[in-house]
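Before any comments, here is the structure.
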Amino acid sequence: MFSNSVGGGGNQNVEEWEIRPGGMLVQKRDMNQGTVSIPTIKVRVKYGSLCHEIQISSEASFGDLKKKLAELTGLHPLDQKLIYKNKERVSKAYLDAARVKNGSKIELVEDIVSRERRCVEMLKNSKVEKTSKSLAEISLEVDKIVGQVTALEAKVSRGGKVTKMDVESLTEMLMTKLVKLDEIVSVEGDLKLQRKAQVRRVQKHIETLDKMKMHYSKPGGSGGNIPWQQQEANSSNQMSVPMQKHHVQMRQMESRGQMQGLQQQQPLRHSESFVVTTQWETFE
């Protein structure tokens with residue numbers, strides 16, 4: 001069907017051509033055509049008394065070289081300084097742009113300032129993580145206590161009875177969480193706002209419990225409960241009538257005996273008479 005040459009090119013074989021789905025006859029493309037191999041170079045890096053030979057692509061960056069050196073020296077890439085031709089090279093710079101060739105010598109120096117800065121940053125991040133975890137735990141604990149306070153309020157609104165112990169127990173629990181929040185210091189940003197919000201939340205529910213306690217501590221307090229101050233008085237009313245009379249008589253006798261003893265032992269000072277005169281002595 002086809003001749004050995006197409007378009008006068010006698011040196012081209014039919015195998016070098018292909019038919020596309022549309023019926024067009026085109027020359028096959030070489031998938032490897034245009035692929036250029038990147039040369040690999042060997043550089044010598046001096047670190048203290050040691051010398052390391054590293055094979056790396058000539059188009060790699062100094063940052064890539066630092067990563068390889070970190071595996072050999074244990075020195076973090078951020079703590080490394082690479083000196084080439086008496087000049088420090090940044091991590092983003094490329095080896096070929098700096099004219100690093102096969103056999104070039106590079107000096108590695110530990111960056112003390114960068115290491116200290118990185119350690120401080122790590123401590124800061126660790127502290128932030130710890131603070132965030134503490135706030136999350138406190139928030140979860142406060143949620144549980146707030147649920148109990150809400151249940152107590154609902155009980156009061158329905159006319160149920162609330163004991164003094166229940167209110168004081170919840171108040172003490174909230175105060176404990178408030179102390180924990182006060183122990184979280186030196187927070188910034190979102191954590192500071194979270195801590196502030198939790199403090200306000202805890203204080204709000206402490207005030208709610210205090211109002212509840214004051215309400216039921218008043219004589220004649222309403223809400224379906226017996227005021228705490230009247231509970232002891234009402235408990236005495238549950239005694240039998242003869243026993244109540246006996247207690248009243250005993251108290252009257254004791255009070256009379258005390259009054260008589262005081263009259264016998266101490267004379268009334270109010271019985272002394274005083275003379276008031278308006279005649280004043282004059283001095284010459």
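Here are some notes:
- Subset of 161/204; 127/177; 92/127 violating a 25 Å alpha-carbon distance limit: 92/127
- Simple rule: put +1 on each Lys or Arg Cβ and -1 on each Asp or Glu Cβ in region 118-217, find the dipole, and look at 148, 215, 176; the Cα lying farthest toward the positive end is 215.
- FRET efficiency for residue 90 and residue 190, using Cβ-Cβ distance with R0 set to 25 Å, rounded to 0.05: 0.15
- Spin-label model, residue 107 to residue 214: label points 7 Å out along the Cα-to-beta-carbon direction sit 7.5 nm apart.
- Two-site FRET efficiency, residue 97 against residue 123, from Cβ-Cβ distance with R₀ of 41 Å, rounded to 0.05: 0.65
- Cut-off 13 Å, label 7 Å out along Cα→Cβ of residue 42, residues of region 88-126 by amide N: 102-104
- When the Cα atoms of region 118-217 are aligned to their principal axes, the ranges along those axes come out at 61, 19, 18 Å in descending order.
- Dimensionless Rg ratio for region 40-110, taking C-alpha atoms and the 2.2 N^0.38 Å reference: 0.95
- By the rule of a C-alpha distance below 18 Å, with chain neighbours fewer than 8 residues away ignored, the lysines paired with residue 85 are 42, 46, 66, 101, 105.
- The label point for residue 67 and the one for residue 18, both projected 7 Å from the Cα toward the Cβ, are 3.4 nm apart.
- Calculated FRET efficiency, residue 78 to residue 136, Cβ-Cβ distance, R0 = 35 Å: about 0.70 to the nearest 0.05.
- If the chain linking residue 163 and residue 49 were pulled fully straight, counting 0.36 nm for each residue of separation and taking away their Cα-Cα distance, it would gain 33.2 nm.
The numbers here are math on the coordinates, done by the rules we state, and not lab data. The model shown is predicted, which means the values in this text are computed figures rather than measured ones. Note that we place each Cβ from the backbone using ideal geometry, even for glycine, and neighbour counts take in every protein chain shown.
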